[in-house]
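*Asks:* This is the structure I want to talk about, given as structure tokens.
The values are calculated or read from the model by the stated rules, or taken from the named source; none is laboratory data. Computed from a predicted structure; not experimentally measured. All Cβ positions, even for glycine, are placed from backbone atoms using ideal geometry, and neighbour counts span all protein chains on display. Side chains included, ligands, DNA and RNA excluded: accessible areas come from the protein's heavy atoms. Shrake-Rupley method; radii C 1.70, N 1.55, O 1.52, S 1.80 Å.
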Amino acid sequence: MIDELCQRDRNWHPPALAEQYKSSVTRAPHQPLLSLPGSESELTGPTFGHDDIDRLDCDLIRNYAQTGDPIGERIILHGRILDENARPVPNTLVEIWQANAGGRYRHQADGYLAPIDPNFGGCGRTLTDDEGRYSFRTIKPGPYPWHNWMNSWRPAHVHFSVFGTAFAQRLITQMYFEGDPLIAKCPIVSTIPDQAGIDQLVAVMDMNATLPMDAIAYRFDVVLRGHRSTPFENRPEGN
Amino acid sequence: MAQRLDYLKESPSQTAGPYVHIGLAPSDARIDVYRRELGRDIVGPDAEGERITVTGQLFDGLGEPVKDALIEIWQADAQGEYPGKEDNGFCGWGRVVPDFDTGLFSFQTIKPGAVKAHNGQLAAPHLSFWLVARGINIGLQTRMYFGDEEKANVSDPVLNLIPEARRNTLIAKSDGTSYRFDIRLQGDDETVFFDI
């Protein structure tokens with residue numbers, strides 16, 4: 001028997017269709033999702049090991065550098081991956097990607113006039129430790145304009161991709177920075193229905209983890225769906 | 001007031017955006033950064049089973065191909081076992097990036113065996129799909145079944161939850177060892193997506 005997951009609270013997540021985020025209008029399914037009982041097909045998932053990644057992968061200041069360090073505020077992003085039962089998720093893959101300090105992505109589809117930084121790729125990955133902790137070193141991304149309304153700007157953000165142990169726990173989200181006035185104006189942020197949900201995506205400055213004369217730290221925890229504890233659940237073979 | 005439950009809330013999803021490839025498939029964004037990218041070979045070099053090719057496209061509500069998506073696949077091996085129980089070198093997980101100009105995707109894998117369904121019966125062979133893109137606020141989960149597994153499909157407990165008119169949206173057309181699986185985000189033939 002394989003552990004079931006807690007029901008995903010769809011009212012806590014953004015709805016598929018959020019009109020203020022125009023791209024969602026033609027890409028949101030209209031039919032209701034089909035609720036499936038959990039089975040091996042989605043309650044299992046891929047696992048990764050230290051052979052899969054290198055030590056430098058989590059250092060965005062050095063993992064792409066050609067001639068020196070990238071331009072920008074040096075920062076440390078760290079935190080824990082937990083589940084809804086507040087248990088750490090160990091040994092799980094965390095991947096991030098972001099714009100450079102000027103708000104430009106190294107991607108053929110990004111035509112923003114801010115320059116590419118020759119020393120910044122913009123991606124990193126790591127595995128959590130036994131207590132679910134992860135840490136990246138990077139530069140703080142800049143805000144950037146995008147085509148939604150005439151004058152839409154994304155707050156500075158870092159994209160996070162997290163696995164857990166089940167394919168149905170798979171999650172992509174974005175991390176914002178404490179104090180950014182653009183958070184309250186962003187039509188992607190505001191797809192999240194509850195202010196407490198938005199607050200959950202805002203990293204807090206962490207002086208205790210800050211490296212003096214080197215890099216300011218921000219702390220950001222990610223919560224994945226939890227497993228249901230089922231000591232009294234009726235099971236087919238027991239009935 | 002009652003006592004308070006102390007569960008945490010799952011972090012809310014946010015769209016993967018149009019630059020998801022930088023993070024999850026950097027070489028597709030022409031970023032040479034990792035010694036080895038993950039998910040580039042779904043089955044591993046030594047996997048047993050019938051080698052197959054799956055091609056398809058994602059379409060939006062206007063019928064336009066979606067050209068900035070990223071798809072992940074999760075599947076059982078040819079015996080219907082998911083990776084993790086024994087280390088036989090089978091990976092079972094991979095990432096697929098549709099072509100930036102056409103939205104066409106194509107990947108090679110092996111055909112999985114029948115796996116256990118939630119009720120202990122056998123499920124028809126299938127691949128689990130998870131897809132993200134700009135405009136998709138939370139990753140979409142679906143499955144691809146095989147058009148040449150008619151008998152197994154008829155008794156599959158998940159396909160049987162779906163009204164007959166929409167069941168075919170999850171069944172790939174077969175042509176020998178090639179399969180065609182198109183995914184429609186909206187419209188008359190909207191693909192069935194799951195809440196699991």
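*Asks:* Between residue A:50 and residue A:150, what's the calculated FRET efficiency when r is the beta-carbon distance and R0 is 56 Å? Round to 0.05.
*Replies:* The calculated FRET efficiency here is 0.70.
*Asks:* Further question on the same structure: Would you tell me the mean number of C-beta atoms belonging to other protein chains that fall within 10 Å of each C-beta in B:182-193, as a whole number?
*Replies:* That works out to 3 on average.
*Asks:* Ok, one more. So how strong a dipole does the protein assembly as shown carry about its Cα centre when Lys and Arg Cβ are +1 and Asp and Glu Cβ are -1, to the nearest 20 debye?
*Replies:* Charge dipole of the protein assembly as shown: 860 debye, to the nearest 20.
*Asks:* Using a 10 Å cut-off around each Cβ of peptide B:134-146, what is the average number of partner chain Cβ atoms that fall inside?
*Replies:* Mean shielding count: 6.
*Asks:* Once every Cα of chain B carries one equal point scatterer and solvent is ignored, give the base-10 log of I(q)/I(0) from the Debye formula at q = 0.13, 0.16 Å⁻¹, two decimals.
*Replies:* Each listed q corresponds, in turn, to -0.75, -1.11.
*Asks:* While we're here: Using a 1.4 angstrom probe on the protein heavy atoms only, could you order B:7, B:82 from most to least accessible area?
*Replies:* B:7, B:82
*Asks:* Now for a different question. Can you run phi through the Karplus equation (6.51, -1.76, 1.60; θ = phi - 60°) for the range A:142-151 and list ³J(HN,Hα) in whole Hz, with x for Gly and Pro?
*Replies:* x, x, 8, x, 8, 7, 9, 8, 4, 9
*Asks:* Report the trypsin sites (Lys or Arg not before Pro) located in the range A:195-228 that are in a DSSP loop and have at most 15 other Cβ atoms inside 10 Å of their Cβ, or state none.
*Replies:* Passing both the DSSP loop test and the Cβ count: A:228.
*Asks:* So who's got an amide H within less than 5 Å of the one on residue B:115, skipping anything under 5 residues away but keeping other chains? H placed 1.01 Å off N, in plane.
*Replies:* Under 5 Å from the amide H of residue B:115 lie the amide H atoms of B:123, each far enough along the sequence or on another chain.
*Asks:* Further question: Just tell me how shielded A:209-221 is by partners: mean number of partner chain Cβ atoms within 10 Å of each residue's Cβ, no decimals.
*Replies:* The mean count of partner-chain Cβ atoms within 10 Å per residue comes to 0.
*Asks:* Looking only at the range B:117-196, where both bridge partners belong to it, what percent of the DSSP beta bridges are antiparallel (to the nearest 5)?
*Replies:* Looking only at bridges with both residues in the range B:117-196, the antiparallel portion is about 85 percent.
*Asks:* Looking only at B:38, B:127, B:62, which one moves most when chain B is put into a Gaussian network model with springs between Cα atoms under 10 Å?
*Replies:* Looking only at B:38, B:127, B:62, the largest GNM fluctuation is found for B:62.
*Asks:* Apply the Karplus parameterisation 6.51 cos²θ - 1.76 cosθ + 1.60, with θ equal to phi minus 60°, to every residue of the range A:208-216 and state each ³J(HN,Hα) to the nearest whole Hz, in sequence, with x for glycine and proline.
*Replies:* 5, 9, 6, 8, x, 6, 9, 8, 7
*Asks:* Within chain A, what percent of beta bridges assigned by DSSP are antiparallel, to the nearest 5?
*Replies:* 75 percent
*Asks:* If you don't mind, there's one more thing I want to ask. Show the residues, 5+ positions off or on another chain, whose built amide H is closer than 5 Å to the amide H of residue A:139.
*Replies:* Amide H neighbours of residue A:139, under 5 Å, 5+ apart: A:75.
*Asks:* Moving on. Enumerate the amide H contacts of residue A:206 below 5 Å, restricted to partners 5 or more residues apart or on another chain; note that Pro and chain-start residues carry no placed amide H.
*Replies:* Residues meeting the amide H criterion: A:217, A:218, A:219.
*Asks:* Separation of the range B:48-120 and the range A:118-190 by C-alpha centroid, Å?
*Replies:* Answer, in whole Å: 26.
*Asks:* Can you give the FRET efficiency to the nearest 0.05 for residue A:85 and residue B:51, using r as the Cβ-Cβ distance and R₀ = 41 Å?
*Replies:* 0.50
*Asks:* Along the range B:27-34, what does the Karplus equation 6.51 cos²θ - 1.76 cosθ + 1.60 (θ = phi - 60°) give for ³J(HN,Hα), rounded to whole Hz, x for Gly and Pro?
*Replies:* Karplus-based 3J(HN,Hα) across the range B:27-34 equals 5, 5, 8, 6, 10, 9, 10, 9 Hz.
*Asks:* Can you pull the accessible area of residue B:130 for me, 1.4 Å probe, Å² to the nearest 10?
*Replies:* Rounded to the nearest 10, that gives 10 Å².
*Asks:* How many percent of DSSP beta bridges within the protein assembly as shown run antiparallel, rounded to 5? Could the numbers behind the result be given before it?
*Replies:* On the way: 60 of 79 bridges.
Antiparallel bridges make up about 75 percent of those DSSP assigns within the protein assembly as shown.
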